[in-house]
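*Asks:* Input: one structure, supplied below.
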Amino acid sequence: MRTPKQIIEAVQKAGVTGAGGGGFPTHVKLDAQVDTVIANGSECEPLLASDKTLLKERPDLVIDGLKYAMTAVNAKTGYIAIKGHYKDAVAAIENELPPEGTINDGNIKIHKLENYYPAGDEFLTVYDVTGRIIPEGGLPLHVGVVVGNVLSLAQISNAVNGKPVTERPVTIAGSVKKPQVVTVPIGTTYNDLIQIAGGTLNPTDVLMDGGPMMGKIVKDQNLGIAKTTGGVVALPEDHFLIKMQNLTISQMVKKSKAACCQCFRCSDLCPRNLIGHALYPHMTMRTIDYNLSDPTDHITSAFLCSQCGVCELIGCDFMLLSPRQVYAEYKKQLTARGIKNPHHRADIHVIPELEYRKVSLPAIIKKLGLSEYVKETPSMGYQTVDRVRVPLNRHTGVPALPKVVPGEKVRMGDVIAASPPDKLGAVYHASIAGKITEVTDQWIEIQR
């Protein structure tokens with residue numbers, strides 16, 4: 001039986017970070033005392049199936065990791081949160097868990113989520129599973145909960161058994177010839193991933209790292225995927241989602257002044273607003289539409305935005321404005337000025353309309369013009385590549401510093417970079433065996 005200290009040290013040594021997109025170092029998250037751990041398997045982004053595939057194929061790893069996490073934080077209860085309509089994955093988990101109420105059940109239960117977006121936002125997940133509301137500017141920790149992506153939990157199990165993070169499952173979807181889920185080395189280039197899927201349907205298609213709602217356009221396809229890359233989605237260059245991402249903040253401000261009609265729809269659908277947080281996108285848009293700086297709450301509320309995109313892609317699909325982009329710019333400017341989040345209300349209550357304003361995933365897929373890309377994504381297992389570019393800065397905290405030099409030979413699993421031990425950061429390992437061919441402050445390239 002591992003002690004909490006042994007588990008946390010193994011997780012840090014293995015380089016486990018939040019695999020769901022945040023990239024927060026998992027060993028830091030486990031250095032806490034809570035009563036509940038939630039394995040987040042909602043995977044609410046359209047078209048993605050990496051977490052669902054993991055739960056179908058290796059529920060044992062996720063459950064083992066969940067048990068280790070519960071031991072580390074002294075939690076008595078664990079939940080696996082998963083969409084209820086993922087029947088194959090639910091059945092696979094149920095087959096691994098002892099019957100509830102037996103002496104060996106370990107207090108781990110399945111919580112079936114509805115098929116809405118963003119069910120994977122940990123604020124929504126915690127409320128859905130436990131009924132607890134995370135305070136403004138808070139963390140699950142503040143309500144006695146730790147939330148971890150299911151892949152992160154599987155990686156915790158591997159870490160305790162001596163295996164570092166060198167690979168991850170990735171969904172390749174959208175405008176590609178062979179949509180699929182593959183497991184590839186960390187640092188596999190986007191170009192190689194697309195070739196694994198047979199190439200894009202159009203030579204000018206644009207790639208997004210992540211899902212259609214929160215993913216970011218890939219500027220250089222010769223860069224490598226990160227530990228946080230759950231999917232790579234290709235879309236035509238004239239697709240609505242690509243056009244929205246390519247709008248500059250100055251274009252958005254000009255457009256908002258001409259088109260925002262203050263209909264409130266963005267605020268009515270905002271998931272964080274619906275759980276009681278003082279986030280009102282329409283009021284924030286008013287600050288730029290009429291050059292208002294007061295009340296400042298509607299500017300500093302940018303710190304409360306999760307960047308889920310509901311306000312932009314669903315709430316303002318008629319005027320095609322982006323409160324999300326405005327919030328991101330406000331937060332960037334506030335942070336640059338040294339201004340911290342002033343919003344910390346804890347006495348908050350869910351808005352009664354929450355259940356009626358949840359946006360279903362099928363509705364999002366139809367509204368965003370993604371229906372033609374909803375296809376089977378078979379699991380193709382592990383795929384080898386001859387070259388990787390392991391990114392050193394795609395996690396929360398300070399970048400990792402290289403520990404290798406060009407020409408050096410490495411084995412898979414060797415440490416190649418690490419953040420300073422006294423700083424928040426992560427460790428990186430060689431994801432393939434080979435020779436170090438390039439070292440920058442952004443990535444390390446290895447070739448077989």
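The values are calculated or read from the model by the stated rules, or taken from the named source; none is laboratory data. This one's a predicted model, so the numbers in the text were calculated from it and none came from an experiment. We place every Cβ from the backbone using ideal geometry, glycine too, and count neighbours over all the protein chains shown. Protein only, heavy atoms only, side chains kept; ligands, DNA and RNA dropped before computing areas. Shrake-Rupley method; radii C 1.70, N 1.55, O 1.52, S 1.80 Å.
*Asks:* If I go through segment 229-269 residue by residue, how many of them are modelled with pLDDT of 95 or more, open to solvent by 20 Å² or more (accessible area, probe 1.4 Å) and touching a strand residue (DSSP E or B) at 6+ places or on another chain (Cβ under 7 Å)?
*Replies:* Summing the residues that are modelled with pLDDT of 95 or more, open to solvent by 20 Å² or more (accessible area, probe 1.4 Å) and touching a strand residue (DSSP E or B) at 6+ places or on another chain (Cβ under 7 Å) in segment 229-269 gives 2.
*Asks:* Right, another one. Got a sec? Which of Gly148, Gly224 is within 20 Å of Pro118 (Cα to Cα) and small (Gly, Ala, Ser)?
*Replies:* Of the residues listed, the single one that is within 20 Å of Pro118 (Cα to Cα) and small (Gly, Ala, Ser) is Gly148.
*Asks:* Of the residues Thr200, Thr189, only one is within 26 Å of Ala417 (Cβ to Cβ), surrounded by fewer than 24 Cβ atoms within 10 Å (Cβ to Cβ) and touching a strand residue (DSSP E or B) at 6+ places or on another chain (Cβ under 8 Å); which?
*Replies:* Of the residues listed, the single one that is within 26 Å of Ala417 (Cβ to Cβ), surrounded by fewer than 24 Cβ atoms within 10 Å (Cβ to Cβ) and touching a strand residue (DSSP E or B) at 6+ places or on another chain (Cβ under 8 Å) is Thr189.
*Asks:* Turning to a different aspect of this structure: Within segment 205-220, is there a residue that is over 30 Å from Thr300 (Cβ atoms), β-branched (Val, Ile, Thr) and over 18 Å from the mean Cα position of the chain (by Cα)?
*Replies:* Yes; the residues of segment 205-220 include at least one that is over 30 Å from Thr300 (Cβ atoms), β-branched (Val, Ile, Thr) and over 18 Å from the mean Cα position of the chain (by Cα).
*Asks:* Right, here's the next one. Within segment 377-448, which strands (runs of 3 or more DSSP E) (wholly inside it) include 1 or more residues that are farther than 30 Å from Lys178 by Cβ and open to solvent by 60 Å² or more (accessible area, probe 1.4 Å)?
*Replies:* Ranges flagged: 415-418, 434-439.
*Asks:* Just for segment 355-376: of the residues that are in contact with a strand residue (DSSP E or B) (Cβ under 7 Å, 6 or more places away or on another chain) and within 10 Å of Tyr116 (Cα to Cα), which one is least open to solvent (accessible area, probe 1.4 Å)?
*Replies:* Ile364
*Asks:* Right, Ser256: assigned to a helix (DSSP H, G or I) and within 24 Å of the chain's Cα centre (by Cα) or not?
*Replies:* Taking the combined requirement at face value, the residue does not satisfy it.
*Asks:* Can I ask one more? Would segment 125-133 turn up any residue that is over 27 Å from Glu445 (Cα atoms), open to solvent by less than 10 Å² (accessible area, probe 1.4 Å), touching a residue at least 12 places away in the same chain (Cβ under 8 Å) and among the acidic types (Asp, Glu)?
*Replies:* Within segment 125-133 (the criterion being over 27 Å from Glu445 (Cα atoms), open to solvent by less than 10 Å² (accessible area, probe 1.4 Å), touching a residue at least 12 places away in the same chain (Cβ under 8 Å) and among the acidic types (Asp, Glu)), the answer is no, since none of the residues qualifies.
*Asks:* I'd like to check something: does segment 205-223 contain any residue that is of a type in the set (S, T, N, Q), farther than 21 Å from Lys375 by Cα and buried (at least 19 other Cβ atoms within 10 Å of the Cβ)?
*Replies:* No: zero hits.
*Asks:* Okay, moving on. Could you pull out the residue among Thr228, Thr204, Thr200, Thr248 that is within 22 Å of Asp386 (Cα to Cα) and either without any contact (Cβ under 8 Å) to a residue 40 or more places away in the chain or acidic (Asp, Glu) (or both)?
*Replies:* Thr200
*Asks:* Only one residue in Thr102, Thr77, Thr71 is open to solvent by 30 Å² or more (accessible area, probe 1.4 Å), modelled with pLDDT under 95 and of a type in the set (Ser, Thr, Tyr), so which one is that?
*Replies:* Within the list Thr102, Thr77, Thr71, the selection yields Thr102.
*Asks:* May I pose another question? Kindly list the number of the only condition in (1) open to solvent by 30 Å² or more (accessible area, probe 1.4 Å); (2) under 30 Å from Glu372 (Cα atoms) that fails for Gly309.
*Replies:* Every listed condition holds for Gly309 apart from (1).
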